[in-house]
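First the structure, in the form of structure tokens, and then the observations on it.
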Amino acid sequence: MSDKYLELANSTLGKAVFAAVGLPDPVPLQREDPNQPHQLRGQVLLGASDGAIFAETIGSFITIAGAEVCRDAMQDTGQLLFDASGIANAQQSDQLYRFFNQHIRSIAHSGRVIVVGCKPSALDDAEYAAVQRGLLGFVKSLAKEIGRKGATANLVLVDKGGDQALEGPIRFLLSAGSAFMNAQVLTVATPVASMEADWTAPLTGKTVLVTGAARGIGLAISQTLARDGAKVIGVDVPQSQNELDAQMVAIGGLSLPLDITDTDAPQRLRDFCLAHSPILHAIVHNAGVTRDKMLSKMTSHQWDLLVQINLGALQRINQALLDTKLLDNGGRIVGVASISGIAGNVGQTNYAFSKAAVIGVVESLADSCAARGITINGVAPGFIETQMTAAIPFITRQMGRRLSSLGQGGLPVDVAEVIGFYLSPQAAGINGNMVRVCGQSLLGA
Ligand code: NAD
């Protein structure tokens with residue numbers, strides 16, 4: 001699933017032609033080094049508003065992680081982090097303006113902007129809450145200004161108790177793993193479980209279950225989680241067993257051929273997990289299908305089949321797992337939604353319904369999961385280069401790729417890295433989040 005336009009724009013001849021004609025020229029994104037993932041490099045310019053709450057702690061853990069913290073100006077690769085948590089009224093917002101006005105030009109290719117603020121609804125002071133809410137508009141606009149460099153901007157909002165769990169999200173956003181996550185918010189709250197783990201192999205010794213693991217995004221998720229030390233149980237339809245077996249053998253995982261909509265699927269899945277491990281660290285509900293048709297032409301079969309795979313099976317499997325204590329005290333649930341579930345899409349009433357409902361699953365279970373030491377989060381991928389998107393007609397496919405701030409589609413690994421972060425013990429303060437992995441697609445933004 002190669003993107004010829006991106007390749008051409010970055011060839012020697014293409015660069016000259018694209019510049020002469022004025023065509024958009026997206027840059028290839030930097031991604032994790034498979035042999036040395038989760039390493040931070042380069043310089044981070046750290047700024048803070050007056051009265052900022054988190055900057056000092058952030059500075060110390062960035063240094064420990066291996067990046068150089070600068071306070072005034074950078075000479076080298078630029079990543080910018082600004083703690084705006086002290087901005088409590090409109091006048092003080094000029095501190096945000098001045099920091100970025102002065103330094104944004106030094107942002108590197110594939111650089112990062114991170115703004116840290118307080119969750120507005122957790123603040124008692126209305127004026128303070130309003131300006132903290134303003135940070136989102138700022139970040140979304142800045143992301144649009146720097147996207148042509150392959151750089152991203154994201155916002156971290158600290159809820160009550162979230163200061164204890166800030167290191168995970170900041171390190172993830174500074175890493176190459178967040179390459180295609182752009183203009184998003186991560187809300188961090190009191191961790192629901194222990195955060196102790198190795199930063200380079202955070203899932204060592206943990207068993208995780210991934211549905212739809214034979215190919216596409218599910219395969220990338222399985223490979224990424226295995227890279228991080230996990231034992232993966234990959235589930236896919238029996239027709240894909242050969243593919244699934246080969247992929248699981250390659251990553252030292254186990255395969256479970258199973259149609260997740262079968263009546264006994266939740267039970268079989270739970271029994272299989274219990275037979276291999278007394279604890280299941282995570283389930284990633286990735287299996288999903290499209291059955292596109294204008295609503296007036298959609299058959300009830302196209303509706304029912306899709307809703308059962310994308311939503312019904314996910315809910316039944318969650319219920320079966322939550323009826324046990326398999327996930328308690330540190331477990332993770334992740335739902336794979338879609339930006340279609342946020343923006344809606346012509347010919348996708350069934351798909352958008354199911355994916356919006358996946359967002360609903362995350363929102364409605366977050367509190368009860370937290371009470372059991374489990375987090376539940378979701379990703380909403382945008383245009384990702386897979387067999388699913390390769391089947392989209394040429395013009396629509398090109399538009400899907402180009403209509404984002406980064407000017408390109410994402411790779412399956414981009415979704416996988418966000419999920420890997422959710423599953424890491426260091427993300428124990430991230431619960432009920434839904435992050436778009438779409439390079440700031442203009443669809444529904
Ligand atoms: P894909 O079609 O390449 O892979 C989906 C996998 O799910 C396949 O291996 C398939 O066999 C499996 N599957 C389907 N029905 C199943 C069932 N009943 N039981 C078990 N396994 C089943 O799709 P993909 O592009 O890799 O998408 C993965 C997920 O990401 C889906 O939920 C999809 O809706 C979502 N998504 C994808 C994109 C994209 O651009 N590719 C965008 C947004 C959301």
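Structure notes:
- Residues located in the range 123-175, provided they are charged (D, E, K, R) and part of a loop (DSSP other than H, G, I, E, B): ASP124, ASP125, ASP159, LYS160
- Residues of the range 341-359 that turn out to be polar (S, T, N, Q), surrounded by fewer than 24 Cβ atoms within 10 Å (Cβ to Cβ) and within 11 Å of the ligand (Cβ to nearest atom), as a count: 2
- Number of residues in the range 126-169 that are touching a His at 6+ places or on another chain (Cβ under 9 Å) and surrounded by fewer than 17 Cβ atoms within 10 Å (Cβ to Cβ): the value is 1.
- Considering each residue of the range 217-238 in turn, at least one proves to be on the phi > 0 side of the Ramachandran plot and assigned by TED's automatic domain parsing to the domain that holds LEU280.
- Test: SER222 is within 16 Å of the ligand (Cβ to nearest atom), touching a Gly at 6+ places or on another chain (Cβ under 8 Å) and at pLDDT 95 or above: yes
- Helices (runs of 4 or more DSSP H) (entirely within the range 212-314) containing at least 1 residues that are without any contact (Cβ under 8 Å) to a residue 40 or more places away in the chain and either under 19 Å from THR349 (Cα atoms) or over 25 Å from the mean Cα position of the chain (by Cα) (or both): 241-250, 265-276, 300-307
- Residue that is nearest to the ligand (Cβ to nearest atom), among those in the range 236-271 that are within 15 Å of ASN318 (Cα to Cα) and in contact with a strand residue (DSSP E or B) (Cβ under 9 Å, 6 or more places away or on another chain): ILE260
- Single residue of LEU423, LEU406 found to be buried (at least 24 other Cβ atoms within 10 Å of the Cβ), under 18 Å from PRO169 (Cα atoms) and either more than 13 Å from the ligand (Cβ to nearest atom) or at pLDDT 95 or above (or both): LEU423
- In the range 76-98, the qualifying residues are those that are closer than 17 Å to ILE170 by Cα and of a type in the set (S, T, N, Q), and the one that is modelled with the highest pLDDT is SER85.
- Selection count, the range 315-340, where residues are buried (at least 19 other Cβ atoms within 10 Å of the Cβ), of a type in the set (S, T, N, Q) and not in a helix (DSSP H, G or I): 1
- In the range 210-269, residue surrounded by the most Cβ atoms within 10 Å (Cβ to Cβ) [restricted to those that are among the hydroxyl-bearing types (Ser, Thr, Tyr) and touching an Asp or Glu at 6+ places or on another chain (Cβ under 9 Å)]: THR224
The values are calculated or read from the model by the stated rules, or taken from the named source; none is laboratory data. Nothing here was measured: the structure is a model prediction, and the numbers come from that model. Every residue, glycine as well, gets a Cβ built from its backbone with ideal geometry; the counts of neighbours run over all protein chains shown.
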